[in-house]
Each structure stands twice: as C-alpha cells, then as structure tokens.
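The values are calculated or read from the model by the stated rules, or taken from the named source; none is laboratory data. Note that this is a predicted model, so its numbers are computed, not measured. Every residue, glycine as well, gets a Cβ built from its backbone with ideal geometry; the counts of neighbours run over all protein chains shown.
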Amino acid sequence: MEEQNVNETLQSEKQDGKLSGATMKSPFLTKLENFWYHYKWPFLIGLFTLVVLIVCLVQCSSKSDYDIYVMYAGPVTLTQEDIEDIKTSLEPYVTDLNEDGEITIAVRNLVIYSLAELEKKKKEGVDVSFLANTSQMNTEVFDNEIQAGEAVICLLDPALFESVCLQGGFMEQSFSEKVPDYARLGKIKVKNQAGTETVREGYFGYRLGGMDLHKLPGLSRLRGDTVLCVRKISTMQSLFGKKKAERHHANNVAIFNRIIAGEEE
C-alpha cells in the first residue's frame with residue numbers, strides 16, 4: 001500500500017512538472033516558434049536582401065568620386081603601368097564631371113578566361129587550376145558590376161560582351177551612314193506583341209582592333225577583338241538616387257561618344 005502511494009505521488013509530480021513546464025513557456029516564445037515555422041524562408045530571404053542593400057549603400061558612400069569608371073574584363077592581365085597608360089590615353093576625352101579641378105579615371109581589371117581558352121592552355125601543359133579559380137571569382141564580380149557597378153564604359157572579351165548583350169545589357173549604337181568595319185555585331189532578346197521571344201541583331205559596340213584607339217598606350221595591350229561598349233543604366237543604381245544615376249550615366253555616354261569620334265575635350 002505504501003509503495004502504491006509512492007508511485008502515485010511520483011506520477012503526480014511528473015504531471016505537475018509537465019504542467020508547470022507548459023505554463024512557464026511564455027506567449028512570446030510560442031508566437032516566435034509559430035512565426036518561425038510559417039515564415040522562416042520569407043524572413044531569411046528578406047534579411048538577405050536587406051544585408052545586400054546595406055552593403056551596396058556602404059560601398060556607394062565609401063567610393064571615391066571619380067569622373068568616369070572603366071572596366072576591362074578578359075584574359076589580359078594589366079599591370080599597374082598599363083592601367084596608368086590607359087588613364088593617360090583616355091584623359092583627353094574626359095571632362096571634370098565632379099568639378100574637383102582634375103580629371104580622375106578609375107580602371108578595373110577583371111582577368112577572366114573562357115572555358116575554351118582554359119582547355120587550350122591545359123593541352124599546352126599549363127596548370128590552369130589557379131586561372132580557373134580566378135576566372136570563376138572574377139566572373140561573379142563581373143556580373144555584380146554589370147548589374148549594379150559604377151562602370152558605364154566597358155572593354156570586354158567577345159564572349160562576355162555577347163552574354164550580356166544577349167540579355168539587353170548594352171546600349172545600341174546608331175551609325176549615320178556607313179557602318180564601320182570595326183563595329184561589332186551584337187544580339188539582344190526581344191518579344192513581339194504575341195509574346196514570342198526572338199533574337200534581334202544590332203550594333204552594340206566597337207571592335208578595338210579596328211580603331212586608332214587601339215594604338216594608344218595601355219589600350220594596345222588589349223586584344224584586337226576586345227569590344228568597346230557602353231552599359232545601360234542599372235536598376236540597382238536607380239534605387240539609390242535616380243536623378244544622380246541618370247546624370248552620371250548620361251555624362252559617361254557623352255564621353256564614350258567623344259572617344260568613338262576621336263573628339264578630344
């Protein structure tokens with residue numbers, strides 16, 4: 001009898017413990033668990049987007065205010081001397097957009113090898129592991145630059161040019177009379193009224209090898225099939241000041257047109 005009373009007491013204590021544990025759990029924690037169960041992925045996606053926006057804002061606020069930003073992406077590794085030569089070669093066409101009393105040009109060099117080039121080097125006995133890793137990392141940087149970067153004027157390997165051009169990332173060039181031999185044929189996806197997607201061809205850039213520009217210091221280091229083109233204004237830039245982004249883009253397009261025409265400032 002005494003043993004039965006002890007068992008009943010233990011069972012009663014266990015039940016009391018469960019009840020007390022349940023009652024001790026705060027309503028806030030219960031709601032938090034429910035929220036996390038139902039809205040975990042939307043919350044994480046929203047948090048990731050917020051972090052990206054904050055990083056973009058920090059980067060935009062911390063960047064030096066150059067007059068123009070130029071990006072080269074391709075298989076050529078430019079030395080610091082090459083970059084300085086490119087700045088000197090482009091300087092006569094650039095205006096003092098930020099009105100600081102001097103011409104300042106930022107040049108970004110992203111070394112990217114195509115799969116075909118890597119395969120070719122591999123057959124030649126070159127260990128391409130480092131080149132492949134560098135190309136992969138720089139390709140991600142390149143994609144970010146195209147989507148939200150400062151560079152409007154671009155010098156690109158043909159394969160990179162075609163991939164972005166196909167997605168409508170570059171401004172189409174208009175030629176008054178005869179299309180120059182060095183004009184590079186690009187492609188862009190378009191939809192008709194029925195919603196059918198087709199690929200339209202047009203002139204979106206210039207092949208550097210057919211221009212006097214290719215003879216200038218620094219620029220002569222680039223391959224002749226490098227494409228000189230001008231990027232469309234990015235949606236991301238418009239989010240952080242549409243008027244300023246449009247003004248910056250228009251100024252760079254004007255400089256690009258002077259470079260093409262060979263009209264020094």
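Of the conditions (1) polar (S, T, N, Q); (2) surrounded by fewer than 17 Cβ atoms within 10 Å (Cβ to Cβ); (3) not in a helix (DSSP H, G or I), Thr88 clears all except one; give me its number.
(3)
Looking at Leu160, Leu219, which one is within 22 Å of Tyr113 (Cα to Cα), in contact with a strand residue (DSSP E or B) (Cβ under 7 Å, 6 or more places away or on another chain) and modelled with pLDDT of 85 or more?
It is Leu160.
Tally the residues that are assigned to a helix (DSSP H, G or I) and either at pLDDT 85 or above or within 20 Å of Leu160 (Cβ to Cβ) (or both), restricting the search to segment 55-80.
Matching residues across segment 55-80 total 1.
Matching residues to (1) exposed (fewer than 15 other Cβ atoms within 10 Å of the Cβ); (2) over 15 Å from the mean Cα position of the chain (by Cα); (3) among the basic types (Lys, Arg):
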site: Gln80; (1), (2), (3): yes, yes, no
site: Gly101; (1), (2), (3): yes, yes, no
site: Asn109; (1), (2), (3): no, no, no
site: Glu119; (1), (2), (3): yes, yes, no
site: Lys122; (1), (2), (3): yes, yes, yes
site: Ala148; (1), (2), (3): no, no, no
site: Ile153; (1), (2), (3): no, no, no
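In contact with a helix residue (DSSP H, G or I) (Cβ under 6 Å, 6 or more places away or on another chain), at pLDDT below 85 and surrounded by fewer than 16 Cβ atoms within 10 Å (Cβ to Cβ) - does that describe any residue in segment 222-238?
Scanning segment 222-238 turns up at least one residue that is in contact with a helix residue (DSSP H, G or I) (Cβ under 6 Å, 6 or more places away or on another chain), at pLDDT below 85 and surrounded by fewer than 16 Cβ atoms within 10 Å (Cβ to Cβ).
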